[in-house]
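The values are calculated or read from the model by the stated rules, or taken from the named source; none is laboratory data. Computed from a predicted model, the values in this text were never measured in an experiment. Here the Cβ positions follow ideal geometry from the backbone for every residue, glycine too, while neighbour counts run over all protein chains shown.
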Amino acid sequence: MEKIINQSPNGRVFICSQCDKVHIEFNNFLFSFNQDEYRYFTSCITRIDGCYYERVNSGRQSKRKIIVPIGHRNASMMLNREELKELQKLLSGRPLSGFQMITSKQIGVKLTSN
């Protein structure tokens, strides 16, 4: 059973009650994290300055200029500015239009500060 934390047109964040992992489904990516990994990933993504990386990578031939390493030397996630903004909002904990946010208490997750 899944407990949805947040959703967007291209993704969702949910917790699987069977494996107790937080899953992020975004476009054609699926990430599965424990609580600490999820917090770390969220903090990294929300700090990315998309405009800066679009300028830095403006000479690249790819249409997506924001390159995000995902922990494997041969793989990266590539985003455009709109995709990055959507992913940041999805991970921010703020509900997106048309969706209702579920609190951590409702899904039975204890959040602790670092």
Worksheet entry | region 1-33 - residue that is touching a Lys or Arg at 6+ places or on another chain (Cβ under 8 Å), among the polar types (S, T, N, Q) and more than 15 Å from Met77 (Cβ to Cβ) and, of those, surrounded by the most Cβ atoms within 10 Å (Cβ to Cβ) | Asn6
Worksheet item: Among all residue pairs at least 6 apart or on different chains, which show Cβ distances below 7 Å where the first residue, located in region 79-108, is closer than 19 Å to Phe33 by Cβ and at pLDDT 75 or above and the second is of a type in the set (Lys, Arg) and surrounded by 14 or more Cβ atoms within 10 Å (Cβ to Cβ)?
Response: Leu79/Arg64
Worksheet, complete the sentence: Going through (1) of a type outside the set (Asp, Glu); (2) assigned to a strand (DSSP E or B); (3) free of Cβ contacts under 8 Å to residues at least 40 places away in the same chain one by one, Ile4 fails only at (3)
Worksheet item: Which of the residues that make up region 7-22 are in contact (Cβ under 8 Å) with a residue 40 or more places away in the chain, in a loop (DSSP other than H, G, I, E, B) and farther than 22 Å from Lys65 by Cβ?
Response: none
Worksheet, complete the sentence: When (1) surrounded by 12 or more Cβ atoms within 10 Å (Cβ to Cβ); (2) under 22 Å from Ser92 (Cα atoms) are applied to Gly71, the one that fails is (1)
Worksheet item: For region 46-64, how many residues meet the condition of being of a type outside the set (Phe, Trp, Tyr), surrounded by 15 or more Cβ atoms within 10 Å (Cβ to Cβ) and assigned to a helix (DSSP H, G or I)?
Response: 2
Worksheet entry | Unique residue being within 17 Å of the chain's Cα centre (by Cα) and not in a helix (DSSP H, G or I) when the list is Glu83, Glu25 | Glu25
Worksheet item: Any residue in region 34-45 that is outside any strand (DSSP E or B), surrounded by fewer than 17 Cβ atoms within 10 Å (Cβ to Cβ) and aromatic (Phe, Trp, Tyr)?
Response: yes
Worksheet item: With respect to the numbered conditions (1) at pLDDT 95 or above; (2) over 16 Å from Glu83 (Cα atoms), which one is the sole condition not fulfilled by Arg12?
Response: (2)
